[in-house]
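Report on the structure given below.
Just so it is clear, none of the values below were taken in a lab; they were calculated from the coordinates. Since this is a predicted model, take the numbers as computed values, not measurements. Here Cβ is always computed from backbone atoms with ideal geometry, including for glycine, and neighbour counts include all displayed protein chains.
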Amino acid sequence: MFTDIDGFLRYFRSVNRRAVRDVTALPPEADGWTPEGGEGENAWSINKLIGHMCGSRLYFASAYRRQGWISPEPPDVSSPELWAPALDASFEEFSRLATEVGPEGLTRQIEMIDTPGATLSGWRLLLMMMEHDIHHRSQIDTYAGLNGWDPPDIYFRSAETIAERQPEQIAKYRS
């Protein structure tokens, strides 16, 4: 549970680090890679997805600040060396903007973009933003897996590593 913006930002910093880790692990051929077929976001290149992640963070920051659900222009992510700096810069800008709201930001109500009169709490909006970010990082990781580019294991543990530890855990906790 997040009780203040600093706690949320500490956690979101780790989410950003995993996004940076994953995009920097991509091979050079990921630059400009686009899925065959698909429409809308399902047809976006990896570059466009990374730019969208960066811009969306500031879209949610605008809503959190009660300045409207306004999408900024995404940053230039036209080549792999721009991906990590763009993600880090958007994290820093998001953090600055969210912190400026003050302690009431988490509990105050924000009007929804598509449902007049309906609101959601600031903390819920922040979680929506983070879930959106993770969704697109997962999309990029899925594209990596489909192409045979090994995406990094989350928390540096693979399913195989966990499976190897199961006999030890069973012996320890079920005996």
Note on segment 42-87: alpha-carbon gyration tensor, axes a ≥ b ≥ c; rule is a/c under 1.5 for rounded, else prolate if a/b larger than b/c, else oblate; result prolate
The chain: spread of alpha-carbon positions along the three principal axes, whole Å, largest first, is 52, 48, 28
Segment 5-173: relative contact order from alpha carbon pairs under 8 Å, six or more residues apart, as a whole percent, is 26 percent
Taking the chain and counting helices only, DSSP H stretches of n ≥ 4 at -39,500 (n - 2.57) each over all residues, the nearest-500 ellipticity at 222 nm comes to -19500 deg cm²/dmol
If exposed means GluC sites (Glu not before Pro) lying in a DSSP loop and surrounded by at most 13 other beta carbons within 10 Å, then the longest stretch of the chain lacking such sites spans residues 40-175
Largest fluctuation, Thr24, Thr107, Thr161 only, Gaussian network model of the chain with Cα springs under 10 angstrom, belongs to Thr161
When the chain is treated as a Gaussian network with springs between alpha carbons less than 10 Å apart, the largest mean-square fluctuation among Val101, Val15, Val23 is found at Val101
